[in-house]
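Peer 1: Take this structure, written in structure tokens, and hold onto it; I'll ask about it next.
The values are calculated or read from the model by the stated rules, or taken from the named source; none is laboratory data. Here the structure is a predicted model, which is why all the values come from computation and not from measurement. Neighbour counts run over all protein chains shown; Cβ positions are idealised from the backbone, glycine included.
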Amino acid sequence: MGSKPKGKGAAMLIEAMREYGYNKDIDIMLGKVTSAPPSIKVQPEGYTFELDADDVVVGGSVADKLNEGDLVILISANDGQQWYVIDKAVMY
């Protein structure tokens, strides 16, 4: 993506899908917020590393609502070179 994505989580997902189409280089996964914004840190499920504020683009509709311990929906693109937090994940 050439510029910062705009819109809510769903709009960001649609924008990524339009730009990349079907692409096995995009992964959608869950992550856990280990530090709340503005110094956000997110640990993708199944990985030992954490992404910090410089590593992720956070959807504006959720940026102010994230707390430590929240599950989020992540998109990883370009072999993990770009990460997007598109929404909070709620599991029942």
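Peer 1: Name the single residue, out of those in segment 24-42 being surrounded by fewer than 17 Cβ atoms within 10 Å (Cβ to Cβ) and β-branched (Val, Ile, Thr), that is modelled with the highest pLDDT.
Peer 2: Here the answer is 34.
Peer 1: Mind checking which residues of segment 42-92 are of a type in the set (Ser, Thr, Tyr) and either in contact with a strand residue (DSSP E or B) (Cβ under 7 Å, 6 or more places away or on another chain) or outside any loop (DSSP other than H, G, I, E, B) (or both)? It would help to see each step written out before you state the result.
Peer 2: To start, the set of residues in segment 42-92 that are of a type in the set (Ser, Thr, Tyr) comprises 47-48, 61, 76, 84, 92.
Those that are of a type in the set (Ser, Thr, Tyr) and either in contact with a strand residue (DSSP E or B) (Cβ under 7 Å, 6 or more places away or on another chain) or outside any loop (DSSP other than H, G, I, E, B) (or both): 61, 76, 84.
Peer 1: Determine which member of the set 45, 50 is at pLDDT 95 or above, of a type in the set (D, E, K, R) and surrounded by fewer than 17 Cβ atoms within 10 Å (Cβ to Cβ). Lay out the reasoning, then the answer.
Peer 2: Numbers: 45 fails: at pLDDT 95 or above.
Unique residue meeting the criteria: 50.
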